[in-house]
1. Considering only residues of segment 102-155 that are of a type in the set (D, E, K, R) and modelled with pLDDT under 95, which is farthest from residue 57 (Cα to Cα)?
2. Only residues that are assigned to a helix (DSSP H, G or I), among the basic types (Lys, Arg) and touching a Ser or Thr at 6+ places or on another chain (Cβ under 8 Å): list them for segment 2-58, please.
3. Please work out which residue is farthest from residue 37 (Cα to Cα), limiting yourself to segment 102-135 and to residues that are within 13 Å of ligand 1 (Cβ to nearest atom) and within 11 Å of the chain's Cα centre (by Cα).
4. (1) loosely packed, with under 14 Cβ neighbours inside 10 Å; (2) within 12 Å of ligand 1 (Cβ to nearest atom): which one isn't true of residue 92, the others all being true?
5. Cβ-Cβ distance below 7 Å, separation of 6 or more or different chains: which pairs start in segment 49-65 with a residue that is farther than 13 Å from residue 109 by Cβ and end on one that is in a helix (DSSP H, G or I) and near ligand 1 (Cβ under 8 Å from one of its atoms)?
6. State whether the residues of segment 63-74 include one that is over 18 Å from the mean Cα position of the chain (by Cα) and closer than 26 Å to residue 41 by Cβ.
7. Based on this model, can you work out whether residue 126 counts as within 16 Å of ligand 2 (Cβ to nearest atom), of a type in the set (Asp, Glu) and either at negative phi or loosely packed, with under 11 Cβ neighbours inside 10 Å (or both)?
8. Just give me the residues in segment 102-123 being more than 19 Å from residue 66 (Cα to Cα), more than 14 Å from ligand 2 (Cβ to nearest atom) and crowded, with 16+ Cβ neighbours inside 10 Å, in sequence order.
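The values are calculated or read from the model by the stated rules, or taken from the named source; none is laboratory data. Just so it is clear, the structure is predicted and the values come from calculations on it, not from any experiment. Using ideal geometry, Cβ is built from the backbone for each residue, glycine included, and neighbour counts are taken over all protein chains shown.
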Amino acid sequence: MERTLVLLKPSVIKRGLIGEIITRFERKGLRIIAMKMLWMNDQLVEEHYSHLKDKPFFPNLKASMQATPVVAMCIEGLEVVRVVRAMAGVTNGRNAAIGTIRGDYSMSNQQNIVHASDGVYAAGEEIARFFKPEEVFEFGDLNFNALYAVDEVEA
Ligand code: IDP
Ligand code: MG
């Protein structure tokens, strides 16, 4: 089953929206298989946003990601990388479709509520960056037959 990394950014923690955002992933039928609160240090922010390190807004982005701890989650589901990106909406909250997380909770390009891995390969790298293998849990099939058709999931 595919996995992705989601971060609830400091704006979520400041605004008291942790439960509300997590609930959206649970209601969709996705499974949280790892979760922790942590303060992102300089190295972690620089690695996580290495594709943006030369952008003029990088110092502001870095400070915003270190304003409070973040909540990191590993989420599992069929095609979960694409599904969670679709749930997040486009980067700028002002442009994100209403009904997406950013569209419903953000008015900002930077303070846009969640990070979500943008591809399966990146997801693997990002999960390993935030979680040790023993912090990611496997716990049986639970309600799989309520979430998926039998021919959608491998035995
Ligand atoms: P994504 O989060 O939608 O994948 P990226 O381009 O990977 O978008 O950018 C990572 C994060 O950097 C964004 O979520 C946002 O917080 C911030 N960011 C991206 N572009 C800008 C910008 O033009 N101004 C300020 N912050 C930005
Ligand atoms: Mg990105």
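1. Step one: list which residues in segment 102-155 are of a type in the set (D, E, K, R), which gives 102, 104, 118, 125-126, 129, 132, 134-135, 138, 141, 151-152, 154.
Add one more test, that the residue is modelled with pLDDT under 95, and what stays is 138, 141, 151-152, 154.
Working: 138: 38, 141: 43, 151: 46, 152: 42, 154: 44 Å.
Checking each candidate, the answer is 151.
2. The answer is 14, and nothing else.
3. Once the filter is applied, the top-ranked residue is 118.
4. Residue 92 satisfies all of (1) loosely packed, with under 14 Cβ neighbours inside 10 Å; (2) within 12 Å of ligand 1 (Cβ to nearest atom) except (1).
5. As it stands, the answer is 49/61; 58/52, since those pairs meet every condition given.
6. Looking for residues that are over 18 Å from the mean Cα position of the chain (by Cα) and closer than 26 Å to residue 41 by Cβ, one finds at least one in segment 63-74, hence yes.
7. Criteria met by residue 126.
8. If the condition is that a residue be more than 19 Å from residue 66 (Cα to Cα), more than 14 Å from ligand 2 (Cβ to nearest atom) and crowded, with 16+ Cβ neighbours inside 10 Å, then 103, 104, 105 are the ones that fit.
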